[in-house]
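Working notes for the structure below.
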Amino acid sequence: MSLYDYWVQFVSYIIGANAPEFLYVISFVLFIVLFFGMFFLNLFKKCGVFKNAKWLN
């Protein structure tokens, strides 16, 4: 099974009903964007990319 199939099972378990396909796709994309966004933000902070950014301090 792919990661998307596991995600569909997880969302179906939470909602408890069959959701439309676009809900699975949108929630999966948002999850991936947020996960990798947090990962890369921490990586960039460690590299000093945002050393002059006042909103991150």
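Per-residue answers, yes or no, for (1) at positive phi; (2) β-branched (Val, Ile, Thr); (3) loosely packed, with under 11 Cβ neighbours inside 10 Å:
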| site | (1), (2), (3) |
| --- | --- |
| 2 | no, no, yes |
| 8 | no, yes, no |
| 12 | no, no, no |
| 16 | yes, no, yes |
| 24 | no, no, no |
| 29 | no, yes, yes |
| 34 | no, no, yes |
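Might you check whether a residue that is among the acidic types (Asp, Glu) and either in contact with a Ser or Thr (Cβ under 7 Å, 6 or more places away or on another chain) or modelled with pLDDT of 85 or more (or both) occurs anywhere in the stretch 17-32? Within the stretch 17-32, none of the residues are among the acidic types (Asp, Glu) and either in contact with a Ser or Thr (Cβ under 7 Å, 6 or more places away or on another chain) or modelled with pLDDT of 85 or more (or both).
The values are calculated or read from the model by the stated rules, or taken from the named source; none is laboratory data. Model, not experiment: these values are computed from the prediction. Cβ sites come from the backbone with ideal geometry, for glycine too, and all protein chains shown count toward neighbours.
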